[in-house]
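Written out below as structure tokens is the structure these notes cover.
The values are calculated or read from the model by the stated rules, or taken from the named source; none is laboratory data. Keep in mind the model is a prediction, meaning the values are calculated, not measured. Note that each Cβ is placed from the backbone with ideal geometry, even for glycine, and that neighbours are counted across all protein chains shown. Calculation scope for accessible area: heavy atoms of the full protein, side chains included, ligands and nucleic acids excluded. Shrake-Rupley method; radii C 1.70, N 1.55, O 1.52, S 1.80 Å.
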Amino acid sequence: TQTVSQSDAHVTVFEGDSVELRCNYSYGGSIYLSWYIQHHGHGLQFLLKYYSGNPVVQGVNGFEAEFSKSDSSFHLRKASVHWSDSAVYFCAVRGRGNNRIFFGDGTQLVVKP
Amino acid sequence: GGIITQTPKFLIGQEGQKLTLKCQQNFNHDTMYWYRQDSGKGLRLIYYSITENDLQKGDLSEGYDASREKKSSFSLTVTSAQKNEMAVFLCASSITGGPYEQYFGPGTRLTVL
């Protein structure tokens with residue numbers, strides 16, 4: 001059984017702060033990991049993914065994520081957030097050879113001015 | 001680039017009514033998905049399809065039918081709308097297999113009176 005756990009439902013930071021959104025997964029096999037962003041009233045947009053090689057992957061708008069096999073984690077980070085980063089962030093896992101993607105419940109990020 | 005179009009954008013129905021939501025994509029992707037998102041919640045997979053005329057049930061298929069008439073379109077039918085139901089239905093598409101991300105439409109907001 002595949003599970004994706006995002007331990008923080010809500011995170012509030014100030015503009016210019018750094019932020020880390022946490023994601024842990026459970027999956028018995030090789031996987032692809034990704035993060036998506038959803039602004040209010042819109043569909044999800046892809047941010048970044050990991051499937052092999054360097055465990056730190058870069059995405060759009062200064063986001064990066066780090067894969068850890070030992071911790072079964074794929075945490076998302078940004079060094080300096082902007083108010084426009086306020087959105088819901090979803091972590092997702094997909095098994096190799098599988099067409100389904102399993103999403104976490106999302107983390108609501110609020111960036112205060 | 002491509003786009004996913006969902007129609008209608010807003011759908012208001014009556015209890016017991018059969019309601020159909022439509023999704024079109026011009027990415028030429030083989031796999032398409034329907035998700036339900038309740039307010040402030042994560043995504044739940046209803047149906048997906050890996051090719052024309054293929055249907056695979058997700059975790060929330062009861063109460064819904066789906067149809068993949070051609071590669072570019074994927075329809076979802078609520079077989080009997082439930083009173084006071086409110087949710088957003090998101091359509092997505094993806095290249096089949098591999099480390100490929102999903103592309104999402106803007107959603108259809110359903111309200112049942």
Open item on the list: Cut-off 10 angstrom, C-alpha nodes, Gaussian network model of chain B. Which of B:GLY42, B:GLY58, B:GLY16 fluctuates the most?
Closed with: B:GLY42
Open item on the list: Rolling a 1.4 angstrom probe over the protein chains, ignoring ligands and nucleic acids, what is the accessible area of B:VAL78 in square angstrom, nearest 10?
Closed with: 0 Å²
TODO: May I ask which of B:LYS41/B:LYS71; B:LYS22/B:LYS70; B:LYS18/B:LYS70; A:LYS49/B:LYS22 have a Cα-Cα span longer than 19 Å here?
DONE: B:LYS41/B:LYS71; B:LYS18/B:LYS70; A:LYS49/B:LYS22
Task: Proximal charge balance of A:ASP71 [Cβ under 15 Å; K/R count +1, D/E count -1] - done: +1
TODO: Give, as a single signed number, the net charge of other residues whose beta carbon lies under 14 Å from the beta carbon of A:SER7, with Lys and Arg counted +1 and Asp and Glu -1.
DONE: -3
Task: Portion, in percent, of the accessible area of region B:1-47 that falls on carbon or sulfur, probe 1.4 Å - done: 49 percent
Open item on the list: Could you put A:ARG94, B:ARG109, A:ARG77 in order of accessible surface area, largest first, with the 1.4 Å probe and the full protein assembly present?
Closed with: B:ARG109, A:ARG77, A:ARG94
Open item on the list: Taking each residue in A:100-109, count the Cβ atoms of any other chain within 10 Å of its Cβ, then average. What number comes out?
Closed with: 4
TODO: Calculate the spin-label point distance for B:PHE10 paired with B:ASN53, positioning each point 7 Å from the Cα along the beta-carbon direction, and give it in nanometres.
DONE: 4.0 nm
Open item on the list: If the only charges are +1 at each Lys and Arg Cβ and -1 at each Asp and Glu Cβ, what is the size of the charge dipole of the protein assembly as shown around the Cα centre, to the nearest 20 debye?
Closed with: 360 debye
Task: Unit charges at the beta carbon, dipole of region A:1-112: most positive-side option, A:HIS82, A:GLY28, A:GLY16 - done: A:GLY28
- [ ] Evaluate the charge dipole of region A:50-113 about its Cα centre and quote only its size in Debye, nearest 20, assuming +1 on the Cβ of each Lys and Arg and -1 on the Cβ of each Asp and Glu.
- [x] 160 debye
Task: For region B:4-112, accessible area per residue (1.4 Å probe, heavy atoms of protein chains only), Å² - done: 47 Å²
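Taking K and R as +1 and D and E as -1, what net charge do the other residues with C-beta under 15 Å from the C-beta of A:GLN38 add up to?
0
For region B:1-42, give the magnitude of the charge dipole about the Cα centre (Cβ charges: +1 Lys/Arg, -1 Asp/Glu; no others), in debye to the nearest 20.
Taking the Cα centre of region B:1-42 as origin, the dipole is about 80 debye.
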TODO: Measure out, as a whole number of angstrom, how far apart the alpha-carbon centroids of region B:1-55 and region A:33-90 sit.
DONE: 24 Å
- [ ] Over both sides of the B-A contact, add up the buried accessible area with a 1.4 Å probe and give it to the nearest 100 Å².
- [x] 1700 Å²
Task: Mean separation of Cα contacts under 8 Å, 6 or more apart, over the residue count of region B:4-112: relative contact order % - done: 36 percent
Task: Residue-wise HN-Hα coupling along region A:67-78, computed from phi with Karplus coefficients 6.51, -1.76, 1.60 (Hz; x: Gly, Pro) - done: 8, 10, 5, 5, 9, 6, 10, 8, 7, 9, 9, 8
TODO: Please give the residues from region A:11-48 for which the solvent-accessible area of heavy atoms, probe 1.4 Å, is smaller by at least 20 Å² with all protein chains in place than with the chain isolated.
DONE: A:TYR32, A:TYR36, A:GLN38, A:GLY41, A:GLY43, A:LEU44, A:PHE46
TODO: Using a 1.4 Å probe on the heavy atoms of the protein chains only, list every residue of region B:28-51 that has 50 Å² or more less accessible area in the complete assembly than in its chain alone.
DONE: B:LEU43
TODO: Keeping the other protein chains in place, figure out the carbon and sulfur percent of the accessible area of region A:3-112, with a 1.4 Å probe.
DONE: 47 percent
Open item on the list: Students often get this wrong: which residues of region B:1-23 have the backbone nitrogen under 16 Å from the point 7 angstrom along Cα-to-C-beta of B:ASP65?
Closed with: B:16-22
